[in-house]
Amino acid sequence: MSPRDKARYDNGLLLARLELRSLWRRRLAWLVLLALFGMGSVAIAHGSARVARERAAIAVGAAELQEQASYLTTITRADDDLGLLLYYLGMPVSQQPSAWAPVATGLRGVHPASRQLRFLGLVPQLYQTEIGNPMVEQAGHFDLAVVLVFLLPLLIIALGHDVCSRDDDLGTTAAVMAQPVRLSRLVAGRLMIRAAWLSAGLLALLAVAVVALGVPLDGRVAIFAAATLGYAALWWLLVLFVASWRRSSVFNALALLGTWLGACVLLPALLHLVSLAAWPVRGGVELTLVQRLDMNSRWDRPKSETLEPFYRRHPEWAGTVVPNDSFSWPWYYAMHEIGDAQVADEVAEHRAALERRARWTERAAWLLPPLALELLLERLAGNDMTTALLYRDSIARYHESLRHTIYPWIFRFQGLDAFGLDRLPRHHFSSDEVGAPLPGWVGLLGYLLLGLALVPRVSRRLDDVEGSEDADTMTEDVPASVVDAGSGALGS
């Protein structure tokens, strides 16, 4: 190593120690770590408690099925057909949460994770939701994704907004400029140390989340950590870009907060409004109402208006004798299926519109890193729109399998002896079984590469001050004591 390179190395090491010592003594640095750990721990606990309640509800629903079936068989006469028993029987359906579900609860607050599916019309049951506080549902639930997407940038702004302007605030700019080191290297060193400080706390928080949630140590852990650190790196690069303007700390903070407000709040809300206007969707309540009105109107129509379209769908039951002047269970269950068929096109359009919205959001995430990280974490947790639609599809397939099993009992007017709970199929759907690709990583990687490509230009802007061109040439001629004399300024 040449004397000049050795001097650069020694001075750089000294400056790093001074900055780290200053950061260690700053109350703000510790408050940032405390806020990160405090909010992160609360988010992990809140998400874990929510998912634990859902798992308990799923377990209770499965345990109650046997008890419910036993009770219904005791109140049903052996010579009665099974229509009334099947009317009350509710089969449990659920979306088994993955181990990552507490990280980003996503749409679990909108679509119930478990329910009882009765052998009636599917549409009213498919779009039913739990009644909750609409303001809470609109605001969303507090989980680790909220901390990482929305609150982590604020902590980065608080810790890094004065990385260059603090010298102006303390009146030590002249001392800093007199040091034998380029300003860009000094600012980059400060920024890297602050980033390492916060990244260490962030990695510790992610490790706590992995241990507390009991997630398997597979590739998803690496994706989780890489995406979060990459997202944080984007905000640190933004701090560097703003610092290169050489403005006051107040200006830097306002500029960074304005960027955060636009990228994390305003632009995602605008994109959401655009998707709503571009692909309007008939609500589930409206679809349910249309199905109900069609089905209920058939009580006053001739039975043939219900049975003829049903027999076209199921010609194997066309020979069933159904009375025209009295109630019968074959006609009643046929009425429910035909009611679903009347809104089948609207249901398909509803699903297609939701798919288009989901694809639009994933494309928009290429331009918005906060949205990209949120979508990636929700997909990782299995609580995104794609998973929710696949869950609905699994319920529809399960309902159809119930029909194939139960229709022979109904249309043959079979009694209690034909019923067997073990003969009924069971529903199973797990978020871990969804093999959809992870969205958002293209946008995060693209912005990160773009930011790194602009770093040389930012460095030239920082060095565009009088005397900075000769800083490197002076390094080998200036003893370390000169640098140490300015330790108060350099470590600020």
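Determine, yes or no, whether THR320 is surrounded by 12 or more Cβ atoms within 10 Å (Cβ to Cβ) and touching a Pro at 6+ places or on another chain (Cβ under 8 Å).
Against the criterion (surrounded by 12 or more Cβ atoms within 10 Å (Cβ to Cβ) and touching a Pro at 6+ places or on another chain (Cβ under 8 Å)), THR320 qualifies.
With the requirement that a residue be surrounded by 16 or more Cβ atoms within 10 Å (Cβ to Cβ) and either over 23 Å from ARG363 (Cα atoms) or of a type in the set (A, V, I, L, M, F, W, C) (or both), what does the stretch 252-278 give you? I'd like the intermediate steps shown before the answer.
Step one: filter the stretch 252-278 for residues surrounded by 16 or more Cβ atoms within 10 Å (Cβ to Cβ), giving 252-253, 255-256, 259-260, 263-264, 267-268, 271, 275.
Across the stretch 252-278, the qualifying residues are ASN252, ALA253, ALA255, LEU256, TRP260, ALA263, CYS264, LEU267, LEU271.
Take GLY90 and tell me if it is at pLDDT 90 or above and of a type in the set (Gly, Ala, Ser).
Working: at pLDDT 90 or above: yes; of a type in the set (Gly, Ala, Ser): yes.
Yes: the conditions hold for GLY90.
Answer yes if at least one residue in the stretch 281-297 is more than 30 Å from SER326 (Cβ to Cβ) and of a type in the set (D, E, K, R), and no otherwise.
Residues of the stretch 281-297 that are more than 30 Å from SER326 (Cβ to Cβ), as a first pass: 281-287.
Going one step further and asking which of them are of a type in the set (D, E, K, R), we end up with 282, 286.
Within the stretch 281-297 (the criterion being more than 30 Å from SER326 (Cβ to Cβ) and of a type in the set (D, E, K, R)), the answer is yes, since at least one residue qualifies.
Would you call ALA232 assigned to a helix (DSSP H, G or I) and either in contact (Cβ under 8 Å) with a residue 40 or more places away in the chain or in contact with a Phe, Trp or Tyr (Cβ under 8 Å, 6 or more places away or on another chain) (or both)? If you could, list the steps in order and put the result at the bottom.
Working: assigned to a helix (DSSP H, G or I): yes; either in contact (Cβ under 8 Å) with a residue 40 or more places away in the chain or in contact with a Phe, Trp or Tyr (Cβ under 8 Å, 6 or more places away or on another chain) (or both): yes.
Taking the combined requirement at face value, the residue satisfies it.
Pick from GLY109, GLY140, GLY40, GLY47: which is within 20 Å of the chain's Cα centre (by Cα), closer than 30 Å to GLY160 by Cβ and at pLDDT below 85? Outline the logic, then answer.
Details: GLY109 fails: closer than 30 Å to GLY160 by Cβ; GLY40 fails: at pLDDT below 85; GLY47 fails: at pLDDT below 85.
Going through GLY109, GLY140, GLY40, GLY47 in turn, the sole match is GLY140.
Looking at VAL347, VAL285, VAL281 in this structure, which one is modelled with pLDDT of 90 or more and over 24 Å from TRP409 (Cα atoms)? Give the steps one after another, and end with the answer.
Details: VAL285 fails: modelled with pLDDT of 90 or more; VAL281 fails: modelled with pLDDT of 90 or more.
Result: VAL347 is the single residue among VAL347, VAL285, VAL281 that is modelled with pLDDT of 90 or more and over 24 Å from TRP409 (Cα atoms).
When the residues of the stretch 280-289 are narrowed to those that are of a type in the set (A, V, I, L, M, F, W, C) and surrounded by 17 or more Cβ atoms within 10 Å (Cβ to Cβ), which ends up nearest to LEU354 (Cα to Cα)?
Here the answer is VAL281.
Please state which one of PRO302, PRO330 is in contact (Cβ under 8 Å) with a residue 12 or more places away in the chain, more than 27 Å from the chain's Cα centre (by Cα) and surrounded by fewer than 16 Cβ atoms within 10 Å (Cβ to Cβ). Outline the logic, then answer.
Details: PRO330 fails: surrounded by fewer than 16 Cβ atoms within 10 Å (Cβ to Cβ).
Of the residues listed, the single one that is in contact (Cβ under 8 Å) with a residue 12 or more places away in the chain, more than 27 Å from the chain's Cα centre (by Cα) and surrounded by fewer than 16 Cβ atoms within 10 Å (Cβ to Cβ) is PRO302.
Can you tell me which of (1) closer than 15 Å to GLY160 by Cβ; (2) in contact (Cβ under 8 Å) with a residue 40 or more places away in the chain is the one ILE223 doesn't meet?
Condition (1) is where ILE223 drops out.
Looking at SER249, SER297, SER244, can you tell me which residue is hydroxyl-bearing (Ser, Thr, Tyr), in contact with a helix residue (DSSP H, G or I) (Cβ under 8 Å, 6 or more places away or on another chain) and surrounded by fewer than 18 Cβ atoms within 10 Å (Cβ to Cβ)?
Working: SER297 fails: in contact with a helix residue (DSSP H, G or I) (Cβ under 8 Å, 6 or more places away or on another chain); SER244 fails: surrounded by fewer than 18 Cβ atoms within 10 Å (Cβ to Cβ).
Exactly one of SER249, SER297, SER244 is hydroxyl-bearing (Ser, Thr, Tyr), in contact with a helix residue (DSSP H, G or I) (Cβ under 8 Å, 6 or more places away or on another chain) and surrounded by fewer than 18 Cβ atoms within 10 Å (Cβ to Cβ), namely SER249.
Scan the stretch 365-405 for residues that are more than 18 Å from HIS350 (Cβ to Cβ), basic (Lys, Arg) and more than 9 Å from the chain's Cα centre (by Cα) and jot them down.
ARG403
Does at least one position in the stretch 280-299 carry a residue that is farther than 30 Å from GLN125 by Cα, aliphatic (A, V, I, L, M) and out of contact with any His (no Cβ under 6 Å at 6 or more places or on another chain)? Give the steps one after another, and end with the answer.
We begin by selecting, within the stretch 280-299, every residue farther than 30 Å from GLN125 by Cα; these are none.
Among the residues of the stretch 280-299, not one is farther than 30 Å from GLN125 by Cα, aliphatic (A, V, I, L, M) and out of contact with any His (no Cβ under 6 Å at 6 or more places or on another chain), which makes the answer no.
Going by the conditions given, is VAL434 closer than 26 Å to LEU234 by Cα and surrounded by 12 or more Cβ atoms within 10 Å (Cβ to Cβ)? Walk me through it before giving the result.
Values: closer than 26 Å to LEU234 by Cα: no; surrounded by 12 or more Cβ atoms within 10 Å (Cβ to Cβ): yes.
Judged against the criteria, VAL434 is not a match.
Where in the stretch 434-492 are the helices (runs of 4 or more DSSP H), entirely inside, with at least 2 residues that are modelled with pLDDT under 50? Explain how you work it out, then say what you get.
On the way: elements: 441-462, 471-474, 480-485, 487-490.
In the stretch 434-492, 471-474, 480-485, 487-490 are the helices (runs of 4 or more DSSP H) which contain 2 or more residues that are modelled with pLDDT under 50.
Would you mind telling me which numbered condition in (1) among the hydrophobic types (A, V, I, L, M, F, W, C); (2) outside any loop (DSSP other than H, G, I, E, B); (3) modelled with pLDDT of 80 or more LEU120 fails?
Among (1) among the hydrophobic types (A, V, I, L, M, F, W, C); (2) outside any loop (DSSP other than H, G, I, E, B); (3) modelled with pLDDT of 80 or more, LEU120 violates only (2).
What are the residue pairs meeting all of these: first residue in the stretch 58-75, first residue without any contact (Cβ under 8 Å) to a residue 60 or more places away in the chain, second residue assigned to a helix (DSSP H, G or I), Cβ atoms under 7 Å, and 6 or more apart or on different chains?
Every condition considered, the pairs that remain are LEU72/LEU85; LEU72/TYR88.
On the given criteria, is ALA453 touching a residue at least 12 places away in the same chain (Cβ under 8 Å) and within 34 Å of the chain's Cα centre (by Cα)? Full working, then the answer.
Details: touching a residue at least 12 places away in the same chain (Cβ under 8 Å): no; within 34 Å of the chain's Cα centre (by Cα): yes.
Considered against the rule, which asks whether it is touching a residue at least 12 places away in the same chain (Cβ under 8 Å) and within 34 Å of the chain's Cα centre (by Cα), ALA453 comes out as no.
Residue-wise test of (1) among the polar types (S, T, N, Q); (2) touching a Pro at 6+ places or on another chain (Cβ under 7 Å); (3) at positive phi.
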| position | (1), (2), (3) |
| --- | --- |
| SER248 | yes, no, no |
| ASN252 | yes, no, no |
| ALA255 | no, no, no |
| HIS272 | no, no, no |
| SER275 | yes, no, no |
| GLN291 | yes, yes, no |
| ARG298 | no, no, no |
| SER304 | yes, no, no |
| PRO309 | no, no, no |
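Give the number of residues within the stretch 214-229 that are modelled with pLDDT of 90 or more and either exposed (fewer than 14 other Cβ atoms within 10 Å of the Cβ) or over 22 Å from ALA436 (Cα atoms) (or both). Please lay out each step first, then the result.
Step one: of the stretch 214-229, the residues modelled with pLDDT of 90 or more are 221-229.
Filter again for either exposed (fewer than 14 other Cβ atoms within 10 Å of the Cβ) or over 22 Å from ALA436 (Cα atoms) (or both), leaving 222, 226, 229.
Of the residues in that region, 3 qualify.
To keep it simple, each residue is scored yes or no on (1) of a type in the set (A, V, I, L, M); (2) touching a Cys at 6+ places or on another chain (Cβ under 8 Å); (3) not in a loop (DSSP other than H, G, I, E, B).
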residue	(1), (2), (3)
VAL281	yes, no, no
MET295	yes, no, yes
ARG312	no, no, yes
TRP331	no, no, yes
ALA334	yes, no, yes
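Is there a residue being more than 28 Å from the chain's Cα centre (by Cα) and not in a loop (DSSP other than H, G, I, E, B) anywhere in the stretch 53-63? Break it down stepwise before answering.
Going through the stretch 53-63, the residues more than 28 Å from the chain's Cα centre (by Cα) turn out to be 63.
Restricting the remaining residues to those that are not in a loop (DSSP other than H, G, I, E, B) gives 63.
Yes; the residues of the stretch 53-63 include at least one that is more than 28 Å from the chain's Cα centre (by Cα) and not in a loop (DSSP other than H, G, I, E, B).
The values are calculated or read from the model by the stated rules, or taken from the named source; none is laboratory data. Not measured: the values here are computed from a predicted model. Neighbour counts are summed over all protein chains in view; Cβ atoms, including those assigned to glycine, are modelled from backbone coordinates with ideal geometry.
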